[in-house]
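Trainee: Got a structure here, written out as structure tokens. Questions coming.
The values are calculated or read from the model by the stated rules, or taken from the named source; none is laboratory data. Please read these numbers as outputs of a predicted model, since none were measured by experiment. A quick note on method: Cβ atoms are made from the backbone with ideal geometry, for glycine too, and the neighbour counts reach across all protein chains shown.
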Amino acid sequence: MPDDKTRHWLTAICAAWVLAFMASFLAQGRSARNDFGPLSERLELWMGWQGIAGILAFAIWGLGRQWPKGSSMRKITAAPLVLAGLMAFTIVVILT
């Protein structure tokens, strides 16, 4: 069972992941227009925030591996990584 320090880190990183994930959708309305068109700016902004959320998802998954196998905490900490994988798969399917 992990100590309190690990739990605090997990809580902080989960909060940062939620903020980055939400920012990828909410920041699009506040984006400035550029010469390449509004879609490219919004796509760059979305992919940037999703990249940050993806890195944080790996950190959450890594910290979650410290809990015993089969525990609900270990399963829950895999959710952000699964969500990132599903979105990456969806993008690949759409582009091909």
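Trainee: What's the total number of residues in the range 48-96 that are touching a residue at least 40 places away in the same chain (Cβ under 8 Å), β-branched (Val, Ile, Thr) and under 14 Å from Phe21 (Cβ atoms)?
Mentor: The qualifying residues number 1.
Trainee: Of all residues in the range 10-35 being of a type outside the set (A, V, I, L, M) and surrounded by 15 or more Cβ atoms within 10 Å (Cβ to Cβ), which is modelled with the lowest pLDDT?
Mentor: Gln28
Trainee: Could you tell me which residue of the range 36-87 is surrounded by the fewest Cβ atoms within 10 Å (Cβ to Cβ), considering only residues that are assigned to a loop (DSSP other than H, G, I, E, B) and small (Gly, Ala, Ser)?
Mentor: The selected residue is Gly70.
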